Each structure stands twice: as C-alpha cells, then as structure tokens.
1. Considering only the stretch 138-178, how many residues are loosely packed, with under 12 Cβ neighbours inside 10 Å and more than 35 Å from the chain's Cα centre (by Cα)?
2. Please identify the pairs in which a residue from the stretch 249-276 that is modelled with pLDDT of 90 or more has its Cβ atom under 8 Å from the Cβ atom of a residue that is of a type in the set (Phe, Trp, Tyr) and surrounded by fewer than 21 Cβ atoms within 10 Å (Cβ to Cβ), counting only partners at least 6 apart or on another chain.
3. Return yes when Thr64 is under 18 Å from Asp9 (Cα atoms) and polar (S, T, N, Q) and no when it is not.
4. Assuming Ala89 fulfils every condition listed in (1) of a type outside the set (Phe, Trp, Tyr); (2) surrounded by 15 or more Cβ atoms within 10 Å (Cβ to Cβ); (3) modelled with pLDDT of 80 or more apart from one, which condition is it?
5. Please tell me if Leu223 is crowded, with 17+ Cβ neighbours inside 10 Å and outside any loop (DSSP other than H, G, I, E, B).
6. Which condition from (1) free of Cβ contacts under 8 Å to residues at least 24 places away in the same chain; (2) within 19 Å of Leu15 (Cβ to Cβ); (3) buried (at least 17 other Cβ atoms within 10 Å of the Cβ) is the one that His112 breaks?
7. Out of everything in the stretch 226-264 that is of a type in the set (Val, Ile, Thr) and closer than 19 Å to Thr359 by Cα, what residue ends up being surrounded by the fewest Cβ atoms within 10 Å (Cβ to Cβ)?
8. Return the total of residues in the stretch 157-193 being farther than 21 Å from Gly326 by Cβ and either part of a helix (DSSP H, G or I) or in the same structural domain as Phe328 (by TED's automatic domain parsing) (or both).
Amino acid sequence: MGVLAVENDPAFALLLAARLGSVAPYINLQRVPRLADALRRAHTESYDAILLDLNLPDSAGLPTFTRLHESVPDVAVVVLTGCEDTQMAAEAVRLGAQDYLLKDAEPAALVHALQYAVRRQRQVSELAAATRAMLAAKNRFLSHTSHELRTPLAVIHQYASLLVDRVVTDPAEVHELLEVVLHDAEHLHRMVDDLLDVSRLQETQVRIVRQPMDLEALARSCLDDLLVSARRLNVVYLPPQEPLPTVWADRDRVKQVVINVLSNAVKFTPDGGRITMQTRLLRDGVCVTITDDGLGVAPENIERIFERFFQESPDVDTGRVGLGLGLFVSRQLMERQNGRLWAESSPGQGCRFHIMLPTRTAAAPKE
C-alpha cells in the first residue's frame, strides 16, 4: 500500500514510519513537508492514501484539505490531528475525508483506518464514476431524442404554416403537403411509442397476453399493409411449403415486431430493391424471415443493432431517421414471449431478419 504523509514535523514523521512498520511492513510510506509538495507528488506518483496534517508551513486549516481533495479526489485522505483540532478534522470528514485520527493513535488503529479509508474511497470513486456515466448517457439521450423529435416537428410546422397562410392553394399540392404532414405525424407517433415501450420494459410493465395465433397469416397481413408505402420496391412473398402449426404469442406485440422489421427493410433498401418474406417451420418453432438487398450491416455491429439508440453511421444518405429503439424494443418483446429475433448480414449484401416463436404445443402452459 502506497501512503503519502504530508507532515512538516520530521521527528513525528520518523515516529509515524516506525509505528506503521511495526505492524504493517507492506506499507510504503513517503513524506513531504508542505502542501505544495504533496500536490506535485500526488500527480507524479500513485498513492492509495494520504495522511494529512491540516496545519502546514504553506497552508492551515480546512483549506489544506479542500485544496488537496479537489486536486486528487480519488485518493483516500485520513486527517492526522492533535487534540485541539478534532472539530476541524471532523469537518474535513464531512467535506470528503475518509477518516481522522489523533496523532498518538495506536499503530493498529492507524493501519485499520488506512485500510478502511482505501476501501471506502474506492467505493465512493466507483459510485461517482457510475453517476457521471449515467448523467452522460442521460445527456446523450436527451440530445439525441430532442434532435430526432424536432426534425418531423419542424416539417409539420413549416407545411402547416404554408397551408394556413394559403401560400399553397392548388388542390394537388395541398394534398401532397398533407400527406407529408401525416407521414411525419405518424413517424412522431412511432417514436413516442418506442420511448414509452422502453420505459415500460425497464419497469417490467409491458403486458403480454399470449394466445394461439396464426403467425403466417399475421405476417402476410403486415406485408400487405406495407405495400402501399413500398411501391418503389419489389416485394415478394414466398408461401410456406407445408401447413404451419399455430404459435402461442401476443398477437398485437408480434405484429409490432413484424411491422418494425419490415419498416426497417423498406427504409434501408434503395429504389428498385427487393424485399422477401418467407414463413417456415423450424425445429424450435415457426419462423418469419425478412430479407432485403439494402446496405447491410458490418459484422461487428450485427448484435449492436439491437442495443438502445444504436445506429450505424451511413456511408450514403438514405434519409434514415429515428431514435434507434425499434429493434431493441422488438427483441425484448420477442424474449418476453419465449421467442427470438436475430439478424444476419454482410456490408453491401442486405440483411436477413428472423422472427421465431414456439409452436402452441411447445409453449402453451400446462393445464
């Protein structure tokens, strides 16, 4: 254990070294006489703890501790004091020192105080680091979310202003503007729903109502609904080669997952591209596979796309927008139903998403 003693009395410093050495020879004790020396030494060498006399030639009282603590906040500080300084030492503990001891303390008590101070300081530092990381994540979330929400809001405001001020009056142009407003309003609605779902998932408040359902029929219905917004693409449905058993799942939540995966495929597939949907029976259940020939995902990111807020940096402008929550929510919803959602991809070769649910006989609760 590396310990720095900030003590201007050389006689007491020698006595302190002897006391520590008698019970804890593993402690490497170094000594400096002034606060300025301690500040320099603490930044050039690594110490587990600092034994600090508050009254030094170049600093006296509580400012001695506060200056040192502000300079090296992650190093445990134990204040050494005389009988007349106990009140000041207690105030130093309130301000962040880990402990204080009288200068005539027994060697064993001194070693115990050092060990405890080091352990406690590590816990305090880890908690502070975790808090800083949490606040940084919160700030990134607020910045990202406000930016993504502001974009469609700006479009809605701009187009609505054109209509209210009668800048645009041609019926065809008015209809086109209203379609854009409706599209961006729906986009806002989806983002808000994603945010609410993330909150509910974290608090385990998402209600899953599982019942027998035809996954193939639901998937095909979702694809039919999507055809209106995917006219620029070649959408192909491959029917199953055999009758498929029912699955045991929450129909609304599964529909949410299928629509989300299909919407991603449309978003990232260039004009004239191809989207294929196929439903088939696998050993572990019924699986819907959605394949596109879009940009694809780098191998190192194939699992990260299911993380909250993750979005690959695009090499080309695809107009991709969103909070990066859809796939995270979708995987969570599938896992809550004993299902799976995974992806396969290579850059430039599109993506293949698999949505699998256990069959009713395998997943239904026993009577």
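1. Total satisfying the criteria: 10.
2. Thr276/Tyr237
3. So Thr64 passes the test.
4. Evaluating Ala89 over (1) of a type outside the set (Phe, Trp, Tyr); (2) surrounded by 15 or more Cβ atoms within 10 Å (Cβ to Cβ); (3) modelled with pLDDT of 80 or more leaves (3) as the failure.
5. Judged against the criteria, Leu223 is a match.
6. Evaluating His112 over (1) free of Cβ contacts under 8 Å to residues at least 24 places away in the same chain; (2) within 19 Å of Leu15 (Cβ to Cβ); (3) buried (at least 17 other Cβ atoms within 10 Å of the Cβ) leaves (3) as the failure.
7. Narrowing the stretch 226-264 to residues of a type in the set (Val, Ile, Thr): 228, 235-236, 246-247, 254, 257-259, 261.
If we keep only those that are closer than 19 Å to Thr359 by Cα as well, we get 246-247, 254, 257-258.
On the way: Thr246: 18, Val247: 29, Val254: 25, Val257: 27, Val258: 25.
The selected residue is Thr246.
8. First pass over the stretch 157-193, keeping only residues farther than 21 Å from Gly326 by Cβ: 157-181.
With either part of a helix (DSSP H, G or I) or in the same structural domain as Phe328 (by TED's automatic domain parsing) (or both) added as a condition, the list becomes 157-164, 171-181.
Result for the stretch 157-193: 19.
The values are calculated or read from the model by the stated rules, or taken from the named source; none is laboratory data. Values in this document were obtained by computation on a predicted structure and should not be read as measured data. Don't worry about glycine lacking a Cβ; one is built from the backbone with ideal geometry, like all the others, and counts go over all protein chains shown.
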